[in-house]
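Just so you know, all these numbers are worked out from the coordinates, no wet-lab data involved. Worth saying up front: this structure is predicted, and the values here are computed from it rather than measured. Glycine also receives a Cβ, built like all others from the backbone with ideal geometry; neighbour counts cover every protein chain displayed.
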Amino acid sequence: MKPLFDLGVLPIRHRTSKGFKPHVSLVFNAGKRLTFAVDTTNSRSQQPDAYLITHAHSDHHGKSAMMSENAVCSKETAQALEILYGKKYAGRTFSIGDSIDIAGVSVRTYPTHHTIGSCAFSWENEVGTKIMVTGDVKDSKDLPKCDCLVTEANYGDPDDPKCHFEDDLDVFRESLGSKDIAFGAYSFGKAQRAVKLIRDSGYDGAVGMDPVSTALTRGLMQDAGQLVDLEADSGIKITTPDKVTKLKAKNKFILTGRKDFKFPTINISDHMDVNGLIGMTKQCAPSAVITYHPGGNRPLKLATHLRKTGIYAKALLEINTILEL
């Protein structure tokens, strides 16, 4: 851990009686000792100085962290959390691109283009180390250089063919030639991207959606167009993958890179593939990298690859600084 120690960053994992809390917390000095928890659950005992919520997907644990006054996320993420979970967001919000003062530290925010409202957080500690936490990333074009990068590794295995892909945008556009079509897409993130692609294609008719997808799309998109319920007369319908099987439509597709569905799939991903993750690392040019998401071995695979290129990298499972809660 010496390179991270030299940079003035201590990554820790919290362990409770039920096991490890998800993801990672970062301890650093900025006039005083501070702890920023990254995409992790609310604690009933020791509170960090901030819960950084990168976006509202459930595996980033905003449902729990949103209940703390120390939660910090974008305005759109807070709105999505409230729609998804029916609870009042208790923390602070910002507009993406703004800087926000957190416990006396100026934290800059950057879009990651993963979901509406998703963002990266970047700040400096007292020795001048630039720390950046990305959350999940679809496009890294807006991310700055940093010294310590904490990043996802959803598709981080260079040796897995499933981690190499491009979006099938042409196939998606061709599918719109049928005006009796249903798409399976997760309610938050994928459903809104599908609506944007549909509108960008020139289709201005009604789009049928399930109630949760409709609430999120209307609440987060200004140009969603006419949205109706699934029972209404519409040529294009969008609902969750598990419910698309029940819809009456001539053509059905699941918008995913997975291949374990009974219906045809169109690869529309909210993530970069492994080449994008490696390219992002080169772009940000860090001295040290922490790969923290998802579970399984992909963070370790990405960290191992980065080490072979001469970058100091640790996966979450390799972090042995553990605090009991």
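What the table below lists for this structure:
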{"read-out": "Spatially proximal lysines relative to Lys248 (Cα-Cα < 16 Å; intrachain offsets below 8 disregarded)", "value": "Lys179, Lys237, Lys262"}
{"read-out": "Structure-derived P(r) over Cα pairs in 20 Å bins from 0, in percent - corresponding label in (i) 30, 50, 19, 1; (ii) 34, 57, 9; (iii) 32, 55, 13, 0", "value": "(iii)"}
{"read-out": "Fully extended contour minus Cα-Cα distance, from Ser106 to Ala232, at 0.36 nm per residue", "value": "40.5 nm"}
{"read-out": "Extension reserve of the Ala90-Lys75 stretch, reckoned as 0.36 nm per residue once the Cα distance is removed", "value": "4.2 nm"}
{"read-out": "Charged-residue dipole, Cβ positions (Lys, Arg, Asp, Glu), the chain about Cα centre, Debye nearest 20", "value": "680 debye"}
{"read-out": "Positive-end residue, segment 168-266 charge dipole about Cα centroid, Cβ charges, pick of Phe261, Thr239, Gly189", "value": "Phe261"}
{"read-out": "Distance between modelled label sites at Glu318 and Asp223, nm, 7 Å Cα→Cβ extension", "value": "4.3 nm"}
{"read-out": "Spin-label pair Thr16/Arg173, simplified geometry with 7 Å Cα→Cβ offset, distance in nm", "value": "4.8 nm"}
{"read-out": "Check: segment 190-324 dipole with +1 on Lys, Arg Cβ and -1 on Asp, Glu Cβ, in debye", "value": "520 debye"}
{"read-out": "Helix-derived mean residue ellipticity, 222 nm - over the chain, DSSP H n ≥ 4, -39500 (n - 2.57), to 500", "value": "-6000 deg cm²/dmol"}
{"read-out": "5 angstrom amide H check on Thr265, placed H, neighbours 5+ away", "value": "Ile254"}
{"read-out": "Reachable aspartates and glutamates from Lys21, criterion Cα separation under 14 angstrom, eight or more residues apart if same chain", "value": "Asp39, Asp59, Glu324"}
{"read-out": "Rounded to whole Hz, the Karplus (6.51, -1.76, 1.60) HN-Hα couplings of segment 42-56, x for glycine and proline", "value": "5, 9, 7, 10, 7, 8, x, 6, 7, 9, 7, 9, 6, 6, 9"}
{"read-out": "Cross-link pairs Lys87/Lys282; Lys18/Lys314; Lys88/Lys145; Lys141/Lys314 - those with Cα-Cα distance over 30 Å", "value": "Lys87/Lys282; Lys88/Lys145"}
{"read-out": "For Ile102, Ile278, order by how many other beta-carbon atoms lie within 10 Å, fewest first", "value": "Ile278, Ile102"}
{"read-out": "Which of His55, His305 has the fewest Cβ neighbours within 10 Å, and the rest in rising order", "value": "His305, His55"}
{"read-out": "Neighbour cut-off at most 16 other Cβ (10 Å), DSSP loop, trypsin sites (Lys or Arg not before Pro), segment 140-178", "value": "Lys141, Lys145"}
{"read-out": "Cβ-placed point charges (K, R +1; D, E -1), dipole of segment 168-266 about Cα centre in debye, nearest 20", "value": "300 debye"}
